[in-house]
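J.: The structure that follows is given in the form of structure tokens.
Here, each number is a calculation from the coordinates, and none is a lab measurement. Keep in mind it's a predicted model, so treat the numbers as computed, not measured. As a convention, Cβ positions derive from the backbone with ideal geometry for all residues, glycine included, and neighbour counts pool all protein chains shown.
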Amino acid sequence: MFVLVAVWQHSSAQAKVVTVSPAGSASAQPIYGVNFITSAEDPADEQQFLNGQATGAAWNRWPMYWFNIEQSEGNFVWGAVDTAVQGDVTYGFKTDAILLGTPPFYLTSLRHSEGSRRITVPPTRQSPLALEAINTATPVGLYDPIFTDGSDIPGLGKNINPENRWARFVSLAVNRYKPGGVLAQQNGWPAGAGVTHWEIWNEQDYVFFWDGTVADYGRLLKVAYLTIQQTDPDAQVILGGLSNINLSSVANPNFYNDLMALYDADPLAITYDYFHDILATHSYFYAWNSWYHVWRAQNTLAVRGLDKPIWLNENGVTAWDDYPGPVWDPQSGLRATMSEQADFVIQSALYSTFAGADGIFHFQLYDGCGNQPAGTDFPPHNGELCDEDGQIPGTDFPCAGDANGLFRNPPDAVCFRQHPNPESPRPNFDAFRVLTNYFTGVEPFWRLRPGGSDPANGPQEWIAFYQPATQSRVLGMWARFGQAETAVVPTTNQSGQGLLITPDGITETVIAQNGVFTLTLPAATNQNAPWDPNLYAIGGRPYLLIEQDTLPPVLSLTAPPFAEYHIHLSWSGADDGSGLVDYDLLVAVDGGPAQPWLTQTTQTTAVYQSQPFHDYTFILRGRDRAGNVSGDTAVTVPTLLLPEKAYLPHISR
């Protein structure tokens, strides 16, 4: 239930603490994807594809495991991958294809592990992309030349060097699945259908996925990029999604910066765009980190004068209060309730998009097996099936799993087959649909933390976006801490009408009273961060308020009370609904008609050349992104011959 009351508050009571994206500077984002709508190892049936379509996502992200394809040296078995790619094409999904996993017969050495034991991520991570230790190794031949002429430089008619096994695999995969490639020709795909985006490995900053050095991965990415340039110059190469795990014993939190520093010294890096077109990064559990990880990546690019798309292509939090989660343990670390899980979906998307993310991918469509071994299954229970080690007695299987899917598993799944409502959506599905329905084609606008003495760190989070197609402001709001908050939001349109949306997809048309909306923001409740029990890792229930911007900018114009030969002017404007684009400044002399002086300018200061003994009237108009034009703001400046050392105060209108 939304609480709306009549409240008057001046619109400038809180200063904007972050302002980004002046008119036209940002592309409309984000795109949406979901991990594992289908995959080679777990092909989807029709219902699973239909559920994937129901999310509104356009992209499917899944791995092409090298070791499952090249099953012995030079023996490539493509059938399962063919089926998965064909499924994406048939059901209209674009594919983010992850190339990873060294075949055991191409092993060089292992720095952190021995043998072929299964390495999985810790229980708090949500990824079925786990590798055998042997598959994390740097492959043999990686440092051999890419092409048979002994060079690494693509060129017309060049052939891949078969001694560089990684280059050979990448070339074969791209040639097979690209638009117009082998499978497209075999199956009669329409023009443009096929894999156009290739992600090179996954979480290579994490030893459980990459056992080599930063330099080894740098070579892996470089070889892949230059090979793909040769095989399909129109393809996009994605730097493998970063785990961002801040634990130096198992991960390198500075991996991207270290990698880019290595490329700074590579003479081919500038020519070939630092060997990637898109950066991918991951964020789990702590919603604010979705802003932070994207922001850090932007900084690494910016210091080099680079501007690349950034995809948050793994993103989510697992629920404890639904099967197969530990429903008996509300304090379960890095988990959330299903309601908090849905709130995370909205908050993470707004944080990351404001930081500049161009794509958001939820992890994942179904629960799958999560971090648990294949075959893990048990009936719903309240902890009575667990031994002291968290296992099902007499087995090697855990007694709880990861409830991270937008849908629960079906009854014929490999794992977790016994939910009483199999293959049904969770609340996070509704939240994701809110994003794909309403949070599209947006550009970052401003961010504010009101409600306290410090506008940079108040108890409320407000993040605003502009939606050019509808000329609307999309404002996300939630409480940051454990108390409910009252948000007082000035309207952006003359009718005072807005659309209020909650993560469950419920919408309500609301009307501002005395020019403002007053909303009660529910308190945050999630304190499941093991490193800080006082942290609210997920804010309270978020609201989206969407309003068309029909109000003009508010302007001010400053000029001296008198002048002589030069009139110094300054002006400013504010528009919280869509953002101010430019100004027109006109001038009239001695009461005559106003003539244009500065037109569609973004300047905020100017000097007018005048003559003594005249009255100059300056008229300022402002225009916002929605096309609203302000009324006239005018100031008149008489000119005269001033005595030496006269003091001129300034006046404002």
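J.: Within region 521-541, list the residues whose amide N lies under 17 Å from a label point set 7 Å along Cα→Cβ of residue 247.
T.: Residues 528-533 fall inside that zone.
J.: Quick one: of the DSSP bridges fully inside region 151-310, what percent are antiparallel, nearest 5?
T.: Restricted to region 151-310, the bridges split so that about 10 percent are antiparallel.
J.: A further question follows. For helix 79-91, what angle does its Cα long axis make with the longest principal axis of the chain, in degrees from 0 to 90 and rounded to 10?
T.: 30
J.: Express as a percent, rounded to the nearest 5, the fraction of DSSP beta bridges in the chain (both residues included) that run antiparallel.
T.: Beta bridges within the chain, antiparallel portion: roughly 70 percent.
J.: Taking 51 Å as R0, compute the FRET efficiency from the Cβ-Cβ separation of residue 187 and residue 504 and round it to 0.05.
T.: After rounding to 0.05, the efficiency reads 0.80.
J.: Report, in degrees rounded to the nearest 10, the 0 to 90 angle that the Cα long axis of helix 289-302 makes with the longest principal axis of the chain.
T.: Its long axis makes an angle of about 80 degrees.
J.: When a/c is below 1.5 the answer is rounded, else prolate if a/b is larger than b/c, else oblate, so apply that to region 443-548 with a ≥ b ≥ c taken from the square roots of the Cα gyration tensor eigenvalues. Working shown, then result.
T.: Working: a/c = 1.91, a/b = 1.83, b/c = 1.04.
The shape class here is prolate.
J.: Okay, moving on. Let me know the number of lysine pairs in the chain closer than 21 Å at the Cα, not counting same-chain pairs under 8 apart.
T.: For the chain, qualifying lysine pairs total 6.
J.: Right, another one. Reported to two decimal places, what Rg/Rh ratio describes region 554-652 when computed on Cα atoms with Rh from the Kirkwood expression?
T.: My calculation of the ratio gives 1.01.
J.: If amide H atoms are built 1.01 Å from N in the plane of the peptide, which residues on other chains or at least 5 residues away come under 5 Å of the amide H of residue 580?
T.: Placed amide hydrogens put 575 under 5 Å from residue 580.
J.: Here is a follow-up. So, by mean Cβ neighbours within 10 angstrom, what's the order for 42-54, 250-262 with the highest one leading? It would help to have the intermediate numbers written out before the result.
T.: Values: 42-54: 16.8, 250-262: 18.4.
Highest to lowest by the protection proxy: 250-262, 42-54.
J.: Quick one: what are the phi-derived ³J(HN,Hα) couplings along region 238-252, Karplus 6.51/-1.76/1.60 with θ = phi - 60°, whole Hz, x for glycine and proline?
T.: Listing the rounded values in order: 9, 5, x, x, 7, 6, 6, 6, 9, 9, 5, 6, 10, 8, 10 Hz.
J.: Can you sort 438, 143 by how many other beta carbons sit within 10 Å, fewest first?
T.: Listing 438, 143 from fewest to most nearby Cβ atoms yields 143, 438.
J.: Between residue 299 and residue 421, what FRET efficiency comes out of the Förster formula 1/(1 + (r/R0)^6) with R0 = 41 Å and r the beta carbon distance, rounded to 0.05?
T.: Here the calculated transfer efficiency is 0.40.
J.: Now a separate question. Ordered by residue, what ³J(HN,Hα) values in Hz, to whole numbers, does region 227-232 give under the Karplus form 6.51 cos²θ - 1.76 cosθ + 1.60, where θ = phi - 60° and Gly and Pro are x?
T.: Once θ is set to phi - 60°, the couplings for region 227-232 become 5, 5, 4, 6, 8, 8 Hz.
J.: Find the all-direction average of the projected area of the Cα convex hull for region 294-368, expressing the result in square nanometres with one decimal place. Show your work: numbers first, answer last.
T.: On the way: hull surface 23.2 nm².
Computed as one quarter of the Cα hull surface, the answer is 5.8 nm².
J.: Express in nm, to one decimal, how much length is gained between residue 384 and residue 54 on full extension, taking 0.36 nm for each residue of separation and deducting their alpha carbon distance.
T.: In short, 115.2 nm is gained.
J.: Let me ask something else. Quickly work out the residue 273-to-residue 163 label distance, labels modelled 7 Å from Cα along the C-beta direction, and quote it in nm with one decimal.
T.: Reported label-point gap for residue 163 and residue 273 is 3.1 nm.
J.: Note the angle between two axes, namely the Cα long axis of helix 165-177 and the longest principal axis of the Cα atoms of the chain, as a number of degrees from 0 to 90, rounded to the nearest 10.
T.: Roughly 70 degrees between the two axes.
J.: In deg cm²/dmol and to the nearest 500, what is the mean residue ellipticity at 222 nm of the chain if only DSSP H runs of at least 4 residues count, each as -39500 (n - 2.57), divided by the residue total?
T.: The per-residue figure over the chain is -5500 deg cm²/dmol.
J.: Further question: Over the residues of the chain, compute the C-alpha Rg and express it relative to 2.2 N^0.38 Å.
T.: With N residues counted in the chain, Rg over 2.2 N^0.38 Å equals 1.11.
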